[in-house]
Every structure is written in structure tokens, then in C-alpha cells.
1. When you go through (1) under 30 Å from T13 (Cα atoms); (2) exposed (fewer than 10 other Cβ atoms within 10 Å of the Cβ) one by one for Q55, which number turns out not to apply?
2. Before we move on, is E43 in a helix (DSSP H, G or I), among the acidic types (D, E), at pLDDT 95 or above and out of contact with any Gly (no Cβ under 7 Å at 6 or more places or on another chain)?
3. Confirm whether A97 is modelled with pLDDT of 95 or more, in a helix (DSSP H, G or I) and out of contact with any helix residue (DSSP H, G or I) (no Cβ under 7 Å at 6 or more places or on another chain).
4. Determine which single condition Y75 fails, assuming it passes every other condition in (1) surrounded by 10 or more Cβ atoms within 10 Å (Cβ to Cβ); (2) modelled with pLDDT of 95 or more; (3) of a type outside the set (V, I, T).
5. Please go through region 28-53 and give me each residue that is touching a Leu at 6+ places or on another chain (Cβ under 9 Å) and over 18 Å from R18 (Cα atoms), ordered by number.
Amino acid sequence: MKSPAKTTAKTSTFPPLRVNKEMRSAAEAALVDGETLSGFVLEAIQFNIQRRAMQQEFIARGQAARDAARRSGKYVSAEAVLAGLDKTLARTRKVAARK
């Protein structure tokens, strides 16, 4: 009886990245103990993929809210939104002042 073939995920590489000496030095200076430049670059790429996905989700939520407001005809004025934000900020400052 044959054992099942092991499959491994194929990996790929990113294109080489050409940077000036100052950029390379700045990146190397930002490394933490034990971190490699490759690891740093990979983490930066992963972070930006996640950030862009969150931006796209934020925009989609905003567009959905806009469409819902258009359908319902119910809007909140900028003044009401700013007043609510001012109240939230005042409460937060009050809590922070107690600490």
C-alpha cells in the first residue's frame, strides 16, 4: 500500500526591490534584534495589504450608508455629527482627567 503523496504549498517571490543607499540604511536601522531585512519587508507588505483591505471595507460601508440615506431620505446634519463628536470628546477628556 502506497502512502499518500505529500503536497506542499508552492511559494513565490516578489520582484527585486531597488532602493537608494539611504533607504536601505533607514530600513536596516529600523530592524529589531533578530529581525531580517526580508522579514521586515514581508511584514510591511502584509501590513499594507491588510490596511488597504480595511480602507476598501470602510469605503464600501460609507457608500452603503450613503445609498441607504438616499433611499430613506433621512440624513444627519454635519452640525449634529460634530455636536455628538464634541460630547464624546468632552466625556473622554473628563475620564482621562480623573486618572
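The values are calculated or read from the model by the stated rules, or taken from the named source; none is laboratory data. What you are looking at is a predicted structure, and each value in this text was computed from that prediction instead of being measured. For neighbour counting, all protein chains shown are included, and Cβ atoms are generated from backbone atoms with ideal geometry for every residue, glycine included.
1. (2)
2. yes
3. no
4. Among (1) surrounded by 10 or more Cβ atoms within 10 Å (Cβ to Cβ); (2) modelled with pLDDT of 95 or more; (3) of a type outside the set (V, I, T), Y75 violates only (2).
5. L31
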